[in-house]
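One structure is given below, encoded as structure tokens.
Bear in mind these aren't lab numbers, they're just calculated from the coordinates by the rules spelled out. A quick note: this is a predicted structure, and the numbers were derived from the prediction, not measured. Using ideal geometry, Cβ is built from the backbone for each residue, glycine included, and neighbour counts are taken over all protein chains shown.
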Amino acid sequence: MTQTKKSIHGEWSSRFAFILAATGSAVGLGNIWKFPYIAGENGGGAFVIVYLLCILLIGLPIMIAESLIGRRGRQSPINTMSDLADEANADPRWHYVGWLGVIAGFLILSYYSVIAGWGLSYVFKAFFGGFSGADGTTIKDTFSGLMNSPPQQIFWHSIFMLATMLVVSKGVAGGLEKAVRFLMPGLFTILMLLVAYAMTTGAYEQGINFLFNPDFSKITGQAVLTAMGHAFFTLSLGMGAIMVYGSYLPNSISITRTSILIAGADTAVALLAGIAIFPIVFANNLEIAAGPGLIFQTLPIAFGNMTGGWLFGILFFVLLVFAALSSSISLIEPAVAWLVENKAVDRKKACVWAGLATWVIGLGTVFSFNVWSDFKIFDRTIFDLLDYLTANLLLPIGGFCVAVFAGWIMKPEDSEHELRSSRPIHYQIWWFLVRYVSPAAVFLVFLNVVGVL
Ligand code: PHE
Ligand code: NA
């Protein structure tokens, strides 16, 4: 059956619109906030190489798989998976993959919104001149001040959640599609300026060395898991975000080409962020494994000391918040699309409920950095636990299922039909990767972590 369906939620106006939305989903806090700090915690170069390999061999094939599954199913991930499983005479339980994604999306958004809130508060700190001329210690104190204040964090978390709900309630093709047009060039420009500043710090080479000179003795099984998990996280894979965006994708568009473009842009932003940050770390003798606070304790030093830093600082944090917003809407969209399809609620109500639930869970993350910082489960704070559970377990499991579904369950004619505008050789490479390489890689990393391998 190679006939195609249309989506009830509407369709992207063009190939460009899909690229914008999917790039908006991919490029976010994962690139600018998370990538540098996990690279710092895991020893740099070798970790970065493993991460890049994961993008290429696992992320890209699964991104293609998710998009084509979405476009074939044309519904929320839950209903798409159950329909396509039905078409393939496969086990109806495949739709649990959709459920897994909805849960992962909720949990990720709960902490994502808190971190985006930090970014939002930094827009104002930048505006009121808080960074001007500041050194490492002052900037560190500014950050600690925010960490130690639940009311401030809750305030900004609430604003960000409200913004997300507002945008999502207006439907898929709303204003954000347009905003991403300015977002990407804007982000690239400011990151380049920051890289230029990093070159003047005197520790540029040291930073580059750290990031690209691999020392494989630093690689542990956990580090490989973190790198792989981050490949899923940064490309928005394994939880239905790309699947739901794929479901709004017109039939004429080449999924392979758009996926390569999106993964390429995402990787470029992450590497630029790393190149900008590490020289600042070395030049100011900051802690390289500073964790989630890393960008908030480094970049303000650059803005405080470069020409035009006041303006660029404001712009940077505004762009960061917008990048986070274009990701957060895709974290909640699978749940909202399902509520609209199955529970006969309208989009607005679906957004309010989904948003409220996420906001409440987010409080756990806020308190992880102050009043509950000593409260640990499996040796992790609530934030660490949510991050580990989602990025290192749920997304890879979801992605593994997507790969197996596209490679082994769906009829080959169907996937071939969806990729018909790709060159046959591209289709064959994808087929091989998604059938054997990606699922096997995920499986082996898991085996290694549980100590079987
Ligand atoms: N890819 C986003 C980022 O890097 C995060 C995200 C994960 C968005 C999963 C949607 C789904 O910031
Ligand atoms: Na990303």
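Please give the number of the condition residue 375 fails out of (1) exposed (fewer than 15 other Cβ atoms within 10 Å of the Cβ); (2) touching a residue at least 60 places away in the same chain (Cβ under 8 Å); (3) more than 20 Å from residue 101 (Cα to Cα). Checking residue 375 against (1) exposed (fewer than 15 other Cβ atoms within 10 Å of the Cβ); (2) touching a residue at least 60 places away in the same chain (Cβ under 8 Å); (3) more than 20 Å from residue 101 (Cα to Cα), the one that fails is (2).
Residues in segment 109-154 that are within 12 Å of ligand 1 (Cβ to nearest atom), more than 30 Å from residue 308 (Cα to Cα) and touching a Phe, Trp or Tyr at 6+ places or on another chain (Cβ under 8 Å): 111 alone. Selection of segment 396-429 for residues being in a helix (DSSP H, G or I) and among the charged types (D, E, K, R) yields 413, 414, 416, 418. If the condition is being of a type in the set (D, E, K, R), closer than 24 Å to residue 207 by Cβ and within 16 Å of ligand 2 (Cβ to nearest atom), then segment 33-76 contributes only 34. Taken as a whole, the structure leaves residue 210 outside the set of residues that are within 27 Å of residue 282 (Cβ to Cβ) and within 16 Å of ligand 1 (Cβ to nearest atom).
What are the residues in segment 251-276 that are touching a Pro at 6+ places or on another chain (Cβ under 9 Å) and either outside any helix (DSSP H, G or I) or of a type in the set (A, V, I, L, M, F, W, C) (or both), if any? If the condition is that a residue be touching a Pro at 6+ places or on another chain (Cβ under 9 Å) and either outside any helix (DSSP H, G or I) or of a type in the set (A, V, I, L, M, F, W, C) (or both), then 270, 273, 276 are the ones that fit.
The residues of segment 110-142 that are without any contact (Cβ under 8 Å) to a residue 24 or more places away in the chain, in a helix (DSSP H, G or I) and over 26 Å from residue 358 (Cβ atoms), listed by number, are 137, 138, 141. Listed here are the helices (runs of 4 or more DSSP H) enclosed by segment 13-59 that have at least 3 residues being under 10 Å from the mean Cα position of the chain (by Cα) and closer than 25 Å to residue 247 by Cβ: 15-26. Counting only helices (runs of 4 or more DSSP H) that sit completely within segment 183-250, those holding 1 or more residues that are under 26 Å from residue 437 (Cβ atoms) and within 16 Å of ligand 2 (Cβ to nearest atom) correspond to 221-234, 241-246. When the residues of segment 297-350 are filtered to those that are within 20 Å of residue 108 (Cα to Cα) and more than 16 Å from ligand 1 (Cβ to nearest atom), which remaining residue is surrounded by the fewest Cβ atoms within 10 Å (Cβ to Cβ)? Ranking the candidates gives 339 first.
Report yes if residue 145 is assigned to a helix (DSSP H, G or I), among the small types (Gly, Ala, Ser) and surrounded by fewer than 17 Cβ atoms within 10 Å (Cβ to Cβ), otherwise no. In short, yes. Residue 432 falls short on exactly one of the conditions (1) surrounded by 17 or more Cβ atoms within 10 Å (Cβ to Cβ); (2) part of a helix (DSSP H, G or I); (3) of a type in the set (A, V, I, L, M, F, W, C); (4) out of contact with any Leu (no Cβ under 9 Å at 6 or more places or on another chain), and that condition is (1).
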